[in-house]
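A short worksheet on the structure shown next.
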Amino acid sequence: MAALLRSARWLLRATAAPYLPLSLRLLAGGPGRPHAALCLRAARARPVAGGLLSQARLHSIAAEKKNDLQEEPTSSHRRNASQFDWALMRLDNSVRRTGRIPKTLLQKVFDNTCHSGSPGGNQALLLLRSCGSLLPELKLSERTEFAHKIWDELQKLGTVYDVSHYNALLKVYLQNEHKFSPTDFLAKMEKGNVQPNRVTYQRLIAAYCNMGDIEGASTILGFMKTKDLPVTEAVFSALVTGHARSGDMENAENILTVMKEAGIEPGPDTYLALLNAYAEKGDIDHVKQTLEKVEKSDLYLMDRDLLQIILSFSKAGYPQYVPEILEKITYERRYIPDTMNLILLLVTEKLEDTALQILLACPISRESSLNDFGSFFLRHCVTVNTPPEQLRDYCKKLKEAQLHTSPLQFTLQCALVAQKFDLAKVLMKALKEEGFPIRTHYFWPLLVGHQKEKNVQGIVEVLKGMHEMGVTPDQETYVNYVFPSFDSIESVRAVLQENGCPHDDNVFSQAELRSKAVNGNLDYILSFMESNTLPFSFASLRGSLILGFRRSMNINLWSKITELLYKDGRYCQEPPGPTEAVGYFLYNLIDSMSDSEVQAKEEHLRQYFHQLKEMNVKIPENIYRGIRNLLDSYHVPELIKDVNILVEREKTDSRKTSKPSSSDLESKLEKLKAENQPIGDILKQLILMLCSEENMQKALELKAKYESDMVVGGYAALINLCCRHDNAEDALNLKREFDRLDSSAVLDTGKYVRLVKVLGKHGKLQDAINILKEMKEKDVLIKDATVLSFFHILNGAALRGETETVKQLHEAIVTLGLAKPSTTLSSPLVTLYLEKDDLPAALESTIDCYEKYKILPRIHDVLCKLIEKGETELIQKAMDFVSQEQGEMTMLYDLFFAFLQTGNYKEAKKIIETPGIRARPTRLQWFCDRCIANNQVETLEKLVELTQKLFECDRDQLYYSLLKLYNAFNIFLTAKKQNIVFDNEAYARLINLLLMKDNSTQAMQVKDFAETHIKGFTLNDAANSLLIITQVRRDYLKDALTTLKTALDLDQIPSRLAVTRLIQACALKGDTESVQDIQKLVNGLEDSIGLSRMVFINNIALAQIKNNNIDVAIESIENMLTSENQTVDPQYFGLAYLFRKVIEGQLEPALEKISIMVERLANQFAVYKPVTDLFLQLVDSGKVDDARALLQAPVMKSLLELIPELIDKEEAYSCLMKSYVFDSDVASAKALYESLTAKNVKLNDLFLKRYAVLLKNAGESVPFTEPPESFEFYAKQLKESKETHL
Amino acid sequence: MAASAARGAVALRTNVGRPVAFVRKIPWTAASSELREHFAQFGHVRKCTVPFDKETGFHKGMGWIHFSSEEELHNALQQENHVIDGVKLHVQPQRPKALQGDQTSDEEKDF
């Protein structure tokens, strides 16, 4: 030994200074100093295995490794770079935040690395280094196993290991106290053709020393000597451990003297080795003495070191000394993760009591958000199967120590997640004893676990457990969590009985019923309801029954069940009674359906209503009205009359005296007439009522009888009624009478259109045209819907082949200017001939339209027909015409689409491959949409295929269309069921599509699936941006932030909108930190994204204000604006957003301070932009008084003169004018106008409009032409023009 | 997809203008009956949903309370603290979906 130490002295003399200055040591864990950390780590190979973690960031691993690998010349290296960075970021984040890595994360990164093909050396190193003390939640042996798995797997994949990998593995061995043979290890290295270096030897020495094998250590030391390698403090520290473990404490202590002799002052590592040695022996006195000695020296032990001593005591079986060391811990905030990791490690080692002791000593602030700080401990106890009673006791202690508000509940949740039934039972009992209720849904996670494995016995056990706990399974438990594991509900009943599992028959039956209903088994429902003897709540069944109805299309069963509900004494008989209950059921049924569903099932529903009528089922009128409104909003008013027949009229009459029946009204009318009193009002009322009852005959009779008392309103309703009943003759006569009564009276647009339709249909063309003329004369409002109605009138006529009607009405509509000719409106002119297969006339008509109106209606259909019929000459004619009028490209596209449509793909291919043809997105989109509308899958697929090489073609758009048609999500689901996995691109496109269609839930489903099935699944820029926007909208800000990180890691440029929304959302939450994180993330990319610095300035300030850090926010803004080196030019320092949000949020204290700040900036620093911004925002939000208080208008005026650089002068003038208008201050407004015109300032229309209105209101003349449009118009115009200038 | 779009439309139609509170951060120990019980103090709860994840047997911490009237919803929103099982809930009005699209559309221009 002496020789060995002598040689060490010699070595040391040769190598100068000791390796570890204190300053460097303290830098450990500090960010941005990888090399400091690195030296430290290399030098401080911990002699004690399983050592607590240094927080040194994993970045240092990468930094170190990158230096080592500089010559590694692989191309895959670069390819893997982004993959590596991603993995690094995940692991690094975890280590930085918590000082540990969860096993699942490491597994995930490992899997991803394997999948990436040939993992690089850096990745391998990163993974290996993670397998030591960074995994406190894993048993030591498991960690080493993990490391070996990684080692072998990566080697198989072709990773080449160098000395750093072997060293890393050694370190993991040391940390995991793995027993191995150092000579074998060296042999392994030799076989791998890798030369050991100083670090290798150092660690091998540590390995020997850990086993107490001084001889082995000496051998290695000998090697080092022959190679002239320096002996560092780490070696000495290891030797301290080695001697101690070999039972030779005396020599262990001597090492310190030897070191000093050799010229190395023992550092903290050496002392720590010694302290651990004492601790392992349970020698508290020496530990204390040594600690005192260190304290007196200029050395310094960190919390981390003290924790290490605690670990040594605990593992050696001396927990009684832990408190004495705990007292010395300072609990610096940055060591809390270390403390947590020690606690986890102790739990892993089944030293839970000691772990709890340390936890309880943690000075965590009790009232802060960390009030459930103890969660990590409880969760880990559950994982390592700490005995239930013991855990229960811990819960109690944590609660008493206020380290957890609800430890039992939390631990129960962990137990449920981990499917630990026995533990769960103990915890539930404890909860119950403490007076907490045990709820049914507590058992669901357990049932889910068994359900996944179809474990019937397990389910029975849980149900029994529920019974023990005094909980009765409810319907939901059966329907959602029990039934699915069985083949049939009958077998559930049998199994429960067999196992003596108690169950409430009533609940069970109702659950069964619900289950059957949801599956559309209406037969069962009916027979159950017929034979049922149990009391029964219809309300509980309503939802399932509605689902069942919608799943089954058997209308007879629908009706029978409804009848039973209505008539049978067992159901719906209590107040409010069957009429009401069934009425609501019908309402809910229709309400639950979508409009397309109702439209598709129109006939079924009609049948259903008629069958109900037959069965004498009635519904209240108010519910009928609700249903009518629903049907109206679904665009199926045709069903209204069919529901109407169910209305219970008699009752309505007697009950609601306020609403008399038509017969009541009629007798009243007659009575009034007889008394010679005015009857106009009541007559109109009666007519309207008859109209709503669709009783045309009676209404017309009544009109004839009391013609002289008819008023305009009555006529209008009658005309409409006749139109509905297709009665052109009476409609026309009524219209004439209506005109006679009051020639200036105007009908509403819809009634005019209906008249035109009916008259046209009955060949009364001239009358129809007269109506159109009247519409023009009386300036009836023409809406988009009106134009569409015109089209339908024309198209209906065209389909009936009524050439004259189409031509004349079209001519009238267009020449009167009621609608402009368009490819849609004018298409019936062509349809006429296409329907008759008269192709030459059809083509002629299209060409005619072009000559008259410059449109080519239905050219595509005409071409298709020509191609089908092989009309070569006509095709040529059409093509010549199009080519000449609209250019060759248009012609080629027309032909291309026509060939595609008619299945002539070869010809289509030739066309699209014409040299020089380019993509025309709008035309391609038009065709895509057309294919989608007509469900032409093949055609669209061909389009996508043929346009592959088309120049400048947006493939994404085409794929979207294709996916749309594929009903993509369903395909995804089907494929998922069949375990078919698509490629990355397919999923990415699908997600993008779903996000674009705002189906974010489905998008997430696809994303989750893709992520678990495609290693390294990525989305493209656009999809990630959309995803961020969606996540922000759904308030998943953390996820959105992760997405942003992911996108940036992939070198994507997210959209400005996405980033801005995320920033704004975080700011509104007061999350300053996230906003700053984002700023760091996008640092350097601002220009590519298009982000202004102001986004951050505004939002950070907003977040701070939301957090009540108003002063901080204001101070930092003020500093930015007044400091010497400004990053943003003051005139671009726009704070309008911040101000608006503060005003909108009514954050009065903040607003007040901001006001003071902007005034100060203006007065003392001559910075005027903020004051103007605030002024404008105040005016904008109607706070004119505040604006004025901030800045008197004269001040504003002088400001405008003062600040030539103000960019938004125009807006400021507008605002000033606006404030004068508010005040009706004509004189000032005049002065402003005159001064501006004198200066030749160009005034916008909004300004002029305001001024003009002010003058007019004041009764003064306007010295210019008042802009004719509305305020809104000019405001919008101004806004738009500003946007285009931006 | 059509079906889901249709469902979306139904949801939209159902929620626009109807008094619904959107509740987040519901503790795992509480389910719809606990929520209903709590919110009954503010008015008549027509419907209360706390969807459970059938894959895990836990709910996701979110729920919807349908009140009979705007006033009742208002009452509920007025109350500052909603605590169930010792956990503070986040309660906010359910925003009509149609509005959400526009909300930020003009906000980017300020920069």
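The values are calculated or read from the model by the stated rules, or taken from the named source; none is laboratory data. A quick note: this is a predicted structure, and the numbers were derived from the prediction, not measured. Backbone-built Cβ (ideal geometry, glycine too); neighbour counts: all protein chains shown.
Some points to look at:
- The set of residues from the range A:325-335 being assigned to a helix (DSSP H, G or I) and over 14 Å from A:L275 (Cα atoms) comprises A:L326, A:R333, A:R334, A:Y335.
- For A:K191, the stated conditions do not hold, so it cannot be described as basic (K, R) and within 30 Å of A:A277 (Cβ to Cβ).
- Filtering the range A:397-450 to residues that are β-branched (V, I, T), more than 8 Å from chain B (Cβ to nearest Cβ) and not in a helix (DSSP H, G or I) leaves only A:I438.
- The requirement of being of a type in the set (G, A, S) and modelled with pLDDT of 65 or more is not satisfied by A:A968.
- Members of the range A:665-716 that are in contact with a Pro (Cβ under 8 Å, 6 or more places away or on another chain) and of a type in the set (A, V, I, L, M): A:L672
- Tally of residues being of a type in the set (D, E, K, R) and either within 13 Å of chain B (Cβ to nearest Cβ) or not in a helix (DSSP H, G or I) (or both) across the range A:985-1031: 4
- Criterion applied to A:T330, A:T339, A:T354 was being of a type in the set (S, T, Y), touching an Asp or Glu at 6+ places or on another chain (Cβ under 7 Å) and in contact (Cβ under 8 Å) with a residue 24 or more places away in the chain, and the one residue passing it is A:T330.
- From the options A:E811, A:E851, residue that is under 27 Å from A:K764 (Cβ atoms) and either assigned to a loop (DSSP other than H, G, I, E, B) or among the acidic types (D, E) (or both): A:E811
- Meets criteria (under 51 Å from the mean Cα position of the chain (by Cα), farther than 20 Å from A:L829 by Cα and part of a helix (DSSP H, G or I)) for A:K776: yes
- Number of positions in the range A:1034-1059 that are in contact with a Ser or Thr (Cβ under 8 Å, 6 or more places away or on another chain) and surrounded by fewer than 24 Cβ atoms within 10 Å (Cβ to Cβ): 10
- Residue check, A:D1071 farther than 17 Å from A:F1096 by Cα and either without any contact (Cβ under 8 Å) to a residue 60 or more places away in the chain or touching a helix residue (DSSP H, G or I) at 6+ places or on another chain (Cβ under 9 Å) (or both): no
A quick yes/no check of all residues on (1) crowded, with 18+ Cβ neighbours inside 10 Å; (2) away from chain B (no Cβ under 12 Å); (3) over 17 Å from A:Y1168 (Cα atoms); (4) of a type in the set (D, E):
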position	(1), (2), (3), (4)
A:I1105	yes, yes, yes, no
A:E1118	no, yes, no, yes
A:S1123	no, yes, no, no
A:A1136	yes, no, no, no
A:Q1146	no, yes, yes, no
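- In the range A:546-592, the residues that are within 14 Å of another protein chain (Cβ to nearest Cβ) and under 18 Å from A:Y624 (Cβ atoms): A:Y584, A:Y587, A:N588, A:L589, A:I590, A:D591, A:S592
- Subset of the range A:1135-1167 that is part of a loop (DSSP other than H, G, I, E, B) and under 15 Å from A:N1119 (Cα atoms) - its residue that is nearest to the chain's Cα centre (by Cα): A:L1135
- Considering residues of the range B:52-84 that are of a type in the set (A, V, I, L, M, F, W, C) and in a loop (DSSP other than H, G, I, E, B) only, the residue surrounded by the most Cβ atoms within 10 Å (Cβ to Cβ): B:F58
- The set of residues in the range A:868-896 that are β-branched (V, I, T) and within 17 Å of A:P857 (Cα to Cα) comprises A:I875, A:V882, A:T890.
- For A:L834, the stated conditions do not hold, so it cannot be described as in contact with a Gly (Cβ under 9 Å, 6 or more places away or on another chain) and surrounded by 17 or more Cβ atoms within 10 Å (Cβ to Cβ).
- Some residue of the range A:1089-1096 being farther than 30 Å from A:P1149 by Cα, under 11 Å from the mean Cα position of the chain (by Cα) and either of a type in the set (S, T, N, Q) or assigned to a helix (DSSP H, G or I) (or both): no
- Members of the range A:737-750 found to be assigned to a helix (DSSP H, G or I) and over 19 Å from A:G817 (Cα atoms), listed by number: A:E737, A:F738, A:D739, A:R740, A:L741
- Residue in the range A:447-463 that is among the acidic types (D, E), over 19 Å from A:L564 (Cα atoms) and in contact (Cβ under 8 Å) with a residue 40 or more places away in the chain present: yes
- Scanning the range A:128-149 for residues that are without any contact (Cβ under 8 Å) to a residue 40 or more places away in the chain and of a type in the set (A, V, I, L, M, F, W, C), we see that the one that is surrounded by the fewest Cβ atoms within 10 Å (Cβ to Cβ) is A:A147.
- Tally, over the range A:726-740, of residues that are surrounded by 14 or more Cβ atoms within 10 Å (Cβ to Cβ) and under 18 Å from A:L702 (Cα atoms): 9
- Within the range B:57-79, the residues that satisfy the criterion of being more than 14 Å from chain A (Cβ to nearest Cβ) and among the aliphatic types (A, V, I, L, M) are B:I65, B:L73, B:A76, B:L77.
- Condition met for A:V479 (in a loop (DSSP other than H, G, I, E, B), within 14 Å of chain B (Cβ to nearest Cβ) and at negative phi): no
- Residues of the range A:1048-1074 that turn out to be assigned to a helix (DSSP H, G or I) and acidic (D, E), as a count: 2
- When B:K109, B:K54, B:K97 are checked against the criterion of being modelled with pLDDT under 90, at the interface with chain A (Cβ under 10 Å from one of its Cβ atoms) and within 13 Å of the chain's Cα centre (by Cα), a single residue qualifies: B:K97.
- Residues in the range A:251-258 include none that are among the aliphatic types (A, V, I, L, M), under 25 Å from A:H178 (Cα atoms) and surrounded by fewer than 19 Cβ atoms within 10 Å (Cβ to Cβ).
- Top-ranked residue of the range B:19-51 - restricted to ones that are crowded, with 16+ Cβ neighbours inside 10 Å and of a type in the set (G, A, S), ranked as farthest from the other protein chains (Cβ to nearest Cβ): B:G43
- In the range A:313-322, the count of residues that are among the small types (G, A, S), buried (at least 18 other Cβ atoms within 10 Å of the Cβ), more than 41 Å from the chain's Cα centre (by Cα) and modelled with pLDDT of 90 or more is one or more.
- Any hit, the range A:1082-1098, residues being surrounded by fewer than 23 Cβ atoms within 10 Å (Cβ to Cβ), farther than 30 Å from A:A1003 by Cα and touching a Leu at 6+ places or on another chain (Cβ under 8 Å): yes
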